[in-house]
Amino acid sequence: MPFEIVRNDIAKMAVDAIVNTANPRPVIGLGTDSMIHEAAGPGLLRSRQEIGHIDMGQAAITPAFNLQAKYVIHTVGPVWDGGSYGEEGYLRNCYENSLRLALEYNCQSIAFPLISTGNYGFPKDKALQIAISAFSEFLLEHEMQIYLVVFDRTSFKLSEKMFQSVASYIDENYVELCENTAFCARSARNPLPRRETARMAEDAKVEQIDGIFTIFAKPGLKESPAVGGVGKPHSRVPQAGSKSLEDMLKQVDAGFTQTLLKLIDKTGKKDSEIYKRANISKQHFSKIRNNPNYKPTKPTAIALALALELNLEETKDLIGRAGYALTNSSKFDLIIRYFIEQGNYNVVEINIALYEFDQTLLGA
């Protein structure tokens, strides 16, 4: 997965390059700078002194000494002063110049802190958007593993507008699910209390089949296709004229890989553009392309649908060929639906939202 968010001490990252938020002068600063120097040992400061002054937005590289990395890239972030002094442009330069140096030194992996959001006071939501934009553009053109390293959930923040929009969408759709379902199905291990079952049975006939409560709707109740929801009774007896299993297997639809490759051909885009947008590696995509029966994980299947910029129904069709669905009973699924409906297919940005809501990241 070319872009990942990890909760860790950046000084402990085993990568080719660690990005340090350095002081412009060759001295040890506070926060991340202090931690990295402490872990690397005195050799890092001596190398930093040989470089001398670093201008704001610029970057320089040194060996990593006692760190698990090969290099330390020192970049000088801007101090936030209201946003009227080019702070956003300087911060963008920090990311771009650090990535340029990593390329120059043939780095395959790099770990970033969220630059300038500590003692320099850069608003975390603005800083995060700049990082997302820089990473997204870079990964479309280059192969590199990028880590955004945070201490805890307070280390970065989605914009308040984005967070509230996603949270409201989740809340509204969970409410909708409850309104459209008489009650949730429960397994035999956690059955409904008898009094609750009796009460609900006044509105619907309930029967337990194989440990699952199945609801047979009475007139007036909304039907739901969900298993165990209000709907039509399960039928165990083959209907007259029904096809044999052998006949049905002969009419199986195209699988995930075959459909995916047809969709890519239809867009006229290169494979590399699709797998980069999907936040999956070249090696991973090769496994999918070369195996007609490949079974991707759900996050990978959805990431590829987003990379193709499929609408909601097209996404459901593609992931359905890998055996997955989007439901209202999953925060992960609702977040994906939200971004598709908003026409936002940026997987890096979507992963930030998924991380904020404690969900699996795309491309994993």
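The values are calculated or read from the model by the stated rules, or taken from the named source; none is laboratory data. For clarity, every value in this text was computed on a predicted model and none was experimentally measured. No Cβ is skipped: glycine too gets one built from the backbone with ideal geometry, and neighbour counts run over all protein chains shown.
Brief remarks follow.
- Count - residues of the stretch 20-47 that are of a type in the set (S, T, N, Q) and either more than 15 Å from A64 (Cβ to Cβ) or not assigned by TED's automatic domain parsing to the domain that holds N97 (or both): 3
- Hits in the stretch 133-159 (condition: surrounded by fewer than 19 Cβ atoms within 10 Å (Cβ to Cβ), modelled with pLDDT of 85 or more and assigned to a helix (DSSP H, G or I)): S133, S136, E137, L140, E141
- The criterion of at least 1 residues that are under 27 Å from L354 (Cα atoms) is met, among strands (runs of 3 or more DSSP E) falling completely within the stretch 6-95, by 17-21.
- A111 being assigned by TED's automatic domain parsing to the domain that holds M13, part of a strand (DSSP E or B) and buried (at least 17 other Cβ atoms within 10 Å of the Cβ): yes
- Remark: pairs (first residue in the stretch 55-70, within 12 Å of I36 (Cβ to Cβ); second residue aliphatic (A, V, I, L, M) and assigned to a loop (DSSP other than H, G, I, E, B); Cβ separation under 8 Å; 6+ apart in sequence or on different chains) = Q68/M13; Q68/A14; Q68/V15; A69/M13; A69/A14; A69/V15.
- The residues of the stretch 99-108 that are over 16 Å from P63 (Cβ atoms) and buried (at least 23 other Cβ atoms within 10 Å of the Cβ) amount to a single one, L99.
- In the condition set (1) within 24 Å of F163 (Cβ to Cβ); (2) in a helix (DSSP H, G or I); (3) out of contact with any Leu (no Cβ under 7 Å at 6 or more places or on another chain), T327 is compliant with all but (2).
- Check on V166, part of a helix (DSSP H, G or I) and modelled with pLDDT under 95: yes
- Index of the failed condition, I130 passing every other in (1) within 20 Å of G31 (Cβ to Cβ); (2) of a type outside the set (D, E, K, R); (3) out of contact with any helix residue (DSSP H, G or I) (no Cβ under 9 Å at 6 or more places or on another chain): (3)
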